[in-house]
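What follows is calculated from the coordinates using simple rules that are stated; it is not laboratory data. Fair warning: this is a prediction, and the values are worked out from it, not measured in the lab. Cβ atoms come from the backbone with ideal geometry, glycine included; neighbour counts cover every protein chain shown.
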Amino acid sequence: GSPVQLCLNGYNVTCLDNNVYSVFGTLGIYDCAETAGTVSGADTTNGGTFYVAANGALKLYGGVLTASSTAQNGGVLYIAGSGTAQIYDGLITGGSASGYGGNICNYGTLQIYGGRVENGSCANGGNICNRGKMTMDDGLVEAPAKGINLLITNGTNTTISGGTLQGSTTYNIRIWDS
């Protein structure tokens, strides 16, 4: 099918009752307003707000993605194997996970070209846990003072050619074979 484009236009969209926005095709999220709108979810399994399925694609161009509950993996965003997420602008914040990736858990492809990922909470990858393929060309990934900013597991493919990883007094990058 055709890609779906969502302009938040400063509005807030909330998914309630242990549900998540599942992306099976291509979804682009924009925000045309001066004050950014927010997409928030409340799922407690994989992807507190967004679950990008195999062959699905999420493209973030603006707005705020956040979550209101603790997910198992990927407090805000979970990318399944052969799924793709591209972050060009906007903010992913406030996710919490009991397993991997406070904000983002990636088993597919994660490409960060800009924007911010911050304030994720998880013992195994406070902001991002990469278990797939990840590239970072620009943007800011900022962890709380005590936590892991980026956890790279099992020899996965990670390329960082630009942007900033900061904030953690524990690990900004940790490579771990689980």
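Taking θ as phi - 60°, what are the ³J(HN,Hα) couplings along the stretch 110-125 by the Karplus curve (6.51, -1.76, 1.60), each to the nearest whole Hz, with x for Gly and Pro?
Ordered by residue, 3J(HN,Hα) equals 10, 10, 10, 10, x, x, 9, 10, 8, 6, x, 10, 5, 5, 10, x Hz.
Non-local amide H neighbours of A33 (under 5 Å, H modeled in plane, Pro and chain starts lacking H): which ones?
N9, G10
If contacts are Cα pairs under 8 angstrom and at least 6 residues apart, what is the relative contact order of the stretch 25-165 in percent? Don't skip to the end; give the middle numbers.
Details: 520 pairs, mean separation 24.9, N = 141.
This gives 18 percent for the stretch 25-165.
For a quick check: with amide H placed at 1.01 Å from N, whose amide H comes under 5 Å from Y171's, ignoring anything fewer than 5 positions away on the same chain?
Amide H neighbours of Y171: G147, N149.
Among (1) -0.59, -0.67, -0.80, -0.94; (2) -0.55, -0.64, -0.83, -1.04; (3) -0.37, -0.45, -0.62, -0.83, find the value of log10 I(q)/I(0) by the Debye sum over Cα atoms at q = 0.11, 0.12, 0.14, 0.16 Å⁻¹ that was calculated from the structure presented, and write down its label.
Working out log10 I(q)/I(0) by the Debye sum over Cα atoms at q = 0.11, 0.12, 0.14, 0.16 Å⁻¹ from the coordinates points to (3).
Given charges of +1 on the Cβ of Lys and Arg and -1 on the Cβ of Asp and Glu, with all other atoms neutral, how large is the dipole of the chain about its Cα centre, in debye to the nearest 20? Don't skip to the end; give the middle numbers.
Details: 6 positive and 10 negative charges, 73 e Å.
With only Lys, Arg, Asp and Glu charged at Cβ, the dipole is about 360 debye.
Within the chain, what percent of beta bridges assigned by DSSP are antiparallel, to the nearest 5? Mind showing how you got there, number by number?
Working: 0 of 66 bridges.
Within the chain, antiparallel bridges account for around 0 percent of the total.
Tell me, in nm to one decimal, what length is gained between T44 and D177 on full extension, where the rule is 0.36 nm per residue of separation less the Cα-Cα distance? The partial results should precede the final answer.
Working: separation 133, 0.36 × 133 = 47.88 nm, distance 2.54 nm.
Length gained between T44 and D177: 45.3 nm.
How would you order 7-18, 78-89, 150-161 from highest to lowest mean count of nearby Cβ atoms within 10 Å? Intermediate results must be reported in sequence, preceding the final value.
Values: 7-18: 13.3, 78-89: 21.9, 150-161: 15.9.
Packing proxy ranking, top to bottom: 78-89, 150-161, 7-18.
Karplus couplings for the stretch 50-65 from phi (6.51 cos²θ - 1.76 cosθ + 1.60, θ = phi - 60°), rounded to Hz, Gly and Pro as x?
Result, ordered by residue: 10, 10, 8, 6, 3, 6, x, 9, 10, 10, 9, 10, x, x, 10, 10 Hz.
Quick one: net charge of G28's neighbours, Cβ under 13 Å, K/R +1, D/E -1?
On the way: positive: K59; negative: D31, D89.
Summing Lys and Arg as +1 and Asp and Glu as -1 gives -1.
Quick one: grab the alpha carbon gyration tensor of the stretch 84-178, order the square roots of its eigenvalues as a ≥ b ≥ c, and give me rounded if a/c is under 1.5, else prolate or oblate depending on whether a/b is larger than b/c. If you can, show how the numbers build up before the last one.
Details: a/c = 1.37, a/b = 1.08, b/c = 1.28.
Taking the square roots of the gyration eigenvalues as a ≥ b ≥ c, the stretch 84-178 is rounded.
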